[in-house]
Amino acid sequence: MVQSILIPFAIPYNSAHTQRYWKGQNPNMVANVYRTPTNIIVNLAMKLHVSVLGDFHSSQPGGVPGKDAIFCSQSPTYKSYAIASYISKNTGTSIITYKKAGVEYPGALEDECNLHVIPAVTCEVLETHGTVSSDKLNKSYCEIMALLTYYHIL
């Protein structure tokens with residue numbers, strides 16, 4: 001059975017105040033740092049035996065990747081790639097695949113989960129930080145729905 005847990009905002013205060021950084025750190029680069037919000041998510045996912053993790057947020061114009069994209073890795077959790085491929089096929093979002101988790105983006109939530117054998121993907125939509133457009137909100141929603149459909153949750 002798939003364990004489903006929804007964390008709508010990893011750092012609610014930051015979301016409410018349109019702040020990207022938590023205590024001066026990019027939350028998506030410190031999931032490997034003890035007691036950071038994303039590290040707490042990784043540890044909770046392991047403790048609860050979560051079956052899959054989807055990280056959905058935005059990429060700043062001019063940033064990396066600077067486009068709508070799905071990040072995944074093939075090792076140590078090939079399922080990450082399978083999930084990303086499914087989401088990409090069903091939403092038209094580009095896929096960015098890495099051979100091994102934790103090499104290109106050490107500390108990323110998706111990478112840390114994959115390193116702990118929790119299949120994970122990161123889906124990013126291109127949007128200026130602090131803004132939300134209806135088309136990007138819809139794109140992210142479609143990616144979430146594709147993940148849930150892949151696991152037959154819907």
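Only the coordinates and a few stated rules stand behind these numbers; no lab work does. Just so it is clear, the model here is predicted, and its values are computed rather than measured. With ideal geometry, Cβ positions are generated from the backbone for all residues, glycine too; neighbour counts draw on all protein chains shown.
For this structure, a couple of remarks:
- Three-way shape label, region 79-154, alpha-carbon gyration tensor, a/c 1.5: oblate
- Net charge of the neighbourhood of E143, taken over other residues with C-beta under 14 Å away and scored Lys/Arg +1, Asp/Glu -1, is -2.
- Among F56, F9, a tally of other beta-carbon atoms within 10 Å of each Cβ gives an order, fewest to most, of F9, F56.
- Couplings 3J(HN,Hα) for region 70-87, derived from phi with the Karplus relation 6.51 cos²θ - 1.76 cosθ + 1.60 (θ = phi - 60°), are 10, 9, 7, 9, 9, 9, x, 10, 4, 4, 4, 5, 4, 5, 4, 4, 5, 4 Hz, where x marks Gly and Pro.
- Contact order normalised by residue count of region 83-134, Cα under 8 Å, 6+ apart, percent: 21 percent
- In the chain, Cα pairs under 8 Å separated by at least six residues give a relative contact order of 28 percent.
- Calculated log₁₀ intensity ratio I(q)/I(0) where the Debye formula runs over C-alpha points of the chain, q = 0.14, 0.15, 0.19 Å⁻¹: -0.64, -0.74, -1.27
- The residues packed around I95, meaning those with a beta-carbon under 11 Å from its beta-carbon, carry a net charge of 0 if Lys and Arg are +1 and Asp and Glu are -1.
- Based on DSSP H segments of at least four residues, each scored -39500 (n - 2.57), the chain has a per-residue ellipticity at 222 nm of -10500 deg cm²/dmol.
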